[in-house]
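All of the numbers you see were taken from the coordinates with simple rules; none came from a lab. These numbers were taken from a predicted model, which means no experiment stands behind them. So basically every Cβ, Gly included, is an ideal-geometry build from the backbone, and we count neighbours across all protein chains shown.
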Amino acid sequence: MGYKVAIAGATGNVGREMLDILAERAFPADEVVALASRRSLGQEVAFGDKTLKVKDLATYDFSDVDICLMSAGGTVSKQVSPKIAAQGAVVIDNSSAWRYDADVPLVVPEVNADAVKGFTRKRIIANPNCSTAQLVVALKPLHDLATIKRVVVATYQSVSGAGKDAMDELFQQTRAIFSAGDVVTKKFTKRIAFNVIPHIDQFMEDGYTKEEWKMVAETKKILDPKIKLTATCVRVPVFIGHSEAVNIEFAKPITVEEATAALRTAPGCVVMDKREDGGYITPHEAAGEDPTYISRIREDATVENGLAMWVVSDNLRKGAALNAVQIAEALINRGLLTAKRKAA
Ligand SMILES: NC(=O)c1ccc[n+]([C@@H]2O[C@H](COP(=O)([O-])OP(=O)(O)OC[C@H]3O[C@@H](n4cnc5c(N)ncnc54)[C@H](OP(=O)(O)O)[C@@H]3O)[C@@H](O)[C@H]2O)c1
């Protein structure tokens, strides 16, 4: 007897990807239900070779649901996740609503899979921000090797990270520019087509944005609270795939060869690094793929033990849907979750 899995936000970018990933990985689900807002009632979404009719999240009865993969935004998650958890399901949430709650594990399975055990406190597990997820996958093997002291990261984040409406905005603006039409800006603060915007999420008092703050707080919670990190997060006119230019300072000496060898065998990492034209990864190639790709590994001679590298991953997969499904698998593989129908 398998699990009953609910996808909340099934009509969105992340929700659709979750359905694809559950089907691809033959997740042990007997039943999968697609949930969204009332606006989407009766709409159909694909799940493997089937289609599922979308139901209303607000009125759904979770009493026989084992796992709820939640990607309906922070406000919705704050409201409904405790109610779903109270009905005995485990909620794996993609928003930032629960990430900094001391009673909620924040998990990237390649880095801190054992932290899932802490789910019993609130029956909620949080997924990190998309930029943090791929970063910590690449940092973990290097931290194990030479202890990271400080990270400086600049992100190049695709529009899909801001939801399906943001993807439409890039498409519409690009079309308008080519056909001399009106360029309408709604989702972003400035034109995104043929432009880059150094601003994601709201500004904070210290001049950083919330997106930048999230990378700091989440890296500390997932990997090591002693790591210092500073980020500049930038939206770029790419549909899918986040890229990051990363400079790392270590406590101990580490060579490019040692770092490359560690990354080659690390879970979730693929090194694509030839020092020649095209010998590196771009987001276009990473879209639709599961790994975190690392290229351009080189010494940063401006600090004592320094390395620089380029990290790219599909933000909808490792940055959200894949990570959430991997968390569910980590719970199951550790014997922490019995299907309600089996237990009955
Ligand atoms: N995109 C990424 O790379 C990424 C990465 C990490 C985390 N996340 C997080 O994942 C969540 C979803 O992101 P997304 O990119 O998939 O957004 P999206 O494409 O805009 O989709 C939003 C989903 O939430 C549903 N929803 C909105 N309001 C709702 C309500 N009141 N009740 C029920 N369902 C509601 C929508 O349903 P309708 O279609 O019915 O409106 C839709 O299914 C966000 O919290 C986001 O921060 C995204």
Exercise. Between Thr232 and Val256, how many nm apart are label points set 7 Å from Cα along the C-beta direction?
Worked result: 2.4 nm
For this session: Please work out, to two decimal places, the log10 of the ratio I(q)/I(0) at q = 0.27 Å⁻¹ from a Debye calculation in which every Cα of the stretch 279-344 carries one identical scatterer.
Result: -1.05
Problem set entry | Kirkwood-type radius of the stretch 41-106, with distances r between different C-alpha atoms, in Å | 13.0 Å
Exercise. Can you give the Rg and Dmax of the chain based on its C-alpha atoms, in angstrom?
Worked result: 20.2, 63
Problem set entry | Tail beyond 18 Å, pair distance distribution of the stretch 133-230 (Cα, percent) | 56 percent
Problem set entry | Most positive-pole-ward Cα, Val246, Asn195, Met70, against dipole of the chain from beta carbon charges | Met70
Exercise. For the stretch 1-39 and the stretch 116-174, what is the separation of their Cα centres, given in Å?
Worked result: 21 Å
Exercise. Can you pull out the trypsin sites (Lys or Arg not before Pro) in the stretch 240-344 that DSSP calls coil and that have at most 16 other Cβ atoms within 10 Å?
Worked result: Lys274, Arg275, Arg334
Exercise. How far is helix 164-178 tilted off the main Cα axis of the chain, in degrees rounded to 10, range 0 to 90?
Worked result: 60 degrees
Exercise. Full extension from Ala301 to Phe178: what is 0.36 nm times the residue separation minus their Cα-Cα distance, to one decimal in nm?
Worked result: 39.9 nm
For this session: For the chain, set up a Gaussian network in which alpha carbons nearer than 10 Å are linked by springs, and say which option among Ala102, Ala162, Ala262 fluctuates the most.
Result: Ala102
Seminar exercise, completed: Taking a crude spin-label model, label points 7 Å out from Cα along the C-beta direction, the Thr338 to Thr185 distance in nm is 5.7 nm
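For the pairs Lys187/Lys226; Lys4/Lys164; Lys140/Lys342, note any where the Cα-Cα span goes beyond 30 Å.
Listed pairs above 30 Å: Lys187/Lys226; Lys140/Lys342.
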Problem set entry | Separation of the Thr282 and Ala154 label points, Cα + 7 Å toward Cβ, nm | 1.8 nm
Exercise. When we measure straight from the Cα of Lys53, which aspartates and glutamates land under 15 angstrom away, once same-chain ones fewer than 8 places off are left out?
Worked result: Glu31, Glu44
Exercise. Residue separation times 0.36 nm, minus the C-alpha to C-alpha distance between Thr147 and Thr51: what's the value?
Worked result: 29.8 nm
Exercise. How high is the FRET efficiency from Arg25 to Thr120, r the C-beta distance, R0 22 Å, rounded to 0.05?
Worked result: 0.35
For this session: May I ask what percent, to the nearest 5, of DSSP beta bridges between residues of the chain are antiparallel?
Result: 45 percent
Seminar exercise, completed: Semi-axes a, b, c in Å (a largest) for the stretch 5-122, each sqrt of 5 times a Cα gyration tensor eigenvalue, come to 23, 17, 13
Exercise. Which value in deg cm²/dmol, rounded to the nearest 500, describes the helix-derived mean residue ellipticity at 222 nm for the chain, given -39,500 (n - 2.57) per DSSP H run of n ≥ 4 and division by the residue count?
Worked result: -9000 deg cm²/dmol
Exercise. Over the Cα atoms of the stretch 111-176, how large are the radius of gyration and the largest Cα-Cα distance (Dmax), in Å?
Worked result: 17.3, 51
